[in-house]
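The values are calculated or read from the model by the stated rules, or taken from the named source; none is laboratory data. What you are looking at is a predicted structure, and each value in this text was computed from that prediction instead of being measured. Cβ placement follows ideal geometry from the backbone for every residue including glycine, while neighbour counts extend to all protein chains displayed. Note: accessible area is taken over every heavy atom of the protein model, side chains too, but ligands, DNA and RNA are not part of it. Shrake-Rupley method; radii C 1.70, N 1.55, O 1.52, S 1.80 Å.
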Amino acid sequence: MPMAALAQAPIIIKFSHVAAIDTPKGQAAEYFKKIVEERTKGQVKVEVFANSTLFKDKEELEALQIGAVQMLAPVPGKFGPLGVKEFEVFDLPYIFKDIDAVHRFARGPGGAGLLKRLESRGVTGLAYWDNGFRVMSANKPIHVPSDMKGLKMRINSSKVNASIMKSVGAQPQSLAFSEVYQALQTGVVDGTEGPLSNLYTQKQYEVQKHVTLSYHTISNYVVVTNKKFWDGLPAPVRSTLETAIKDATVFNDSVAEKDEAASLAAIKASGKSTVYAPSAAERDAWAKAMAPVHAEMADRVGGKTFIDTVRAASAN
């Protein structure tokens, strides 16, 4: 093949994720594709695979490490099996009082330091994407922590999330995301927890009578790429992609904020689920009940000193 033809072959980026295309992450991935292809005038082509169509949750990081895909946006807890368990600090209950606190840590030296730890695993961290705070839902009212006693609650497979449920007397049940609706409908589990966008887009609210805006942990994603691929890009291309990631992050976070509000409004309007907002005193009771999780999980997420650093970085 002549050199001129070789020079014109586009750089392909396969971007795989497990969320639906209409979620904030799904929309941000499509936006990233659009602006990259425009700005590089087709020199880079981004192929987005949503809804686990290319790789499922458990396979995708391995696929990234071997170069079968070039980009992913998994939840922070997924880096535990890679040996970077410190990312699970994001799962700790009530460590961030609001989204600004999340940003202060994630976009500061603390968040950058976590991304740096991925490099020895052949992964380059690019950005953090918001997906709102997590809420509780069940078929009985849950206003205070004692209301959780004995409930079988679905969680994603995170040791921190399991500890959170146990701290309020619930029984954590780890189930694949795709199985949650049926498990709620048939009573295999009594309730679940997660961001409002998932509760709405997966129609889980239709089989849950009560939703409590506990906002106990943040739901977010880490955008990552294969290090060898990233380092091997021509410098001007990499620079264009870095700017595109920043712009896609702003886009994602704006969509996530609107999406959280829209999901909440739609769940309320459906009449299928009663939405409860805890009072300040009740919120304090939730935080107090879950506080032991911090000590219990300290060794797993990088130690007490690291947790204190995260708290300090996220405080005003």
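Annotations for the structure displayed:
- Residues in region 110-139 that are part of a strand (DSSP E or B) and not basic (Lys, Arg): 15 in all.
- The set of residues in region 70-118 that are in contact (Cβ under 8 Å) with a residue 24 or more places away in the chain and more than 24 Å from LYS159 (Cα to Cα) comprises GLN70, MET71, ARG104, GLY108, PRO109.
- Restricting region 126-158 to residues that are among the small types (Gly, Ala, Ser) and open to solvent by less than 20 Å² (accessible area, probe 1.4 Å), the residue that is farthest from SER239 (Cα to Cα) is ALA138.
- The set of residues in region 201-226 being modelled with pLDDT of 95 or more, more than 20 Å from ALA106 (Cβ to Cβ) and touching a Gly at 6+ places or on another chain (Cβ under 9 Å) consists of HIS210, ASN226.
- Among residues of region 271-316, those that are more than 24 Å from MET148 (Cβ to Cβ), in contact (Cβ under 8 Å) with a residue 40 or more places away in the chain and of a type in the set (Gly, Ala, Ser), counted: 4
- Filter pass, PRO93 being out of contact with any Pro (no Cβ under 9 Å at 6 or more places or on another chain), surrounded by 21 or more Cβ atoms within 10 Å (Cβ to Cβ) and closer than 20 Å to GLY194 by Cα: yes
- Just so you know, in region 176-201 the residues that are assigned to a loop (DSSP other than H, G, I, E, B) and surrounded by fewer than 19 Cβ atoms within 10 Å (Cβ to Cβ) include one that is nearest to the chain's Cα centre (by Cα), and it is ALA176.
- Hits in region 278-289 - residues which are farther than 19 Å from PRO141 by Cβ and open to solvent by less than 70 Å² (accessible area, probe 1.4 Å): ALA287
- Condition met for ALA248 (within 24 Å of SER197 (Cα to Cα) and crowded, with 16+ Cβ neighbours inside 10 Å): yes
- Identity of the residue in region 40-61, over 18 Å from the mean Cα position of the chain (by Cα) and surrounded by fewer than 16 Cβ atoms within 10 Å (Cβ to Cβ), that ends up farthest from THR243 (Cα to Cα): THR53
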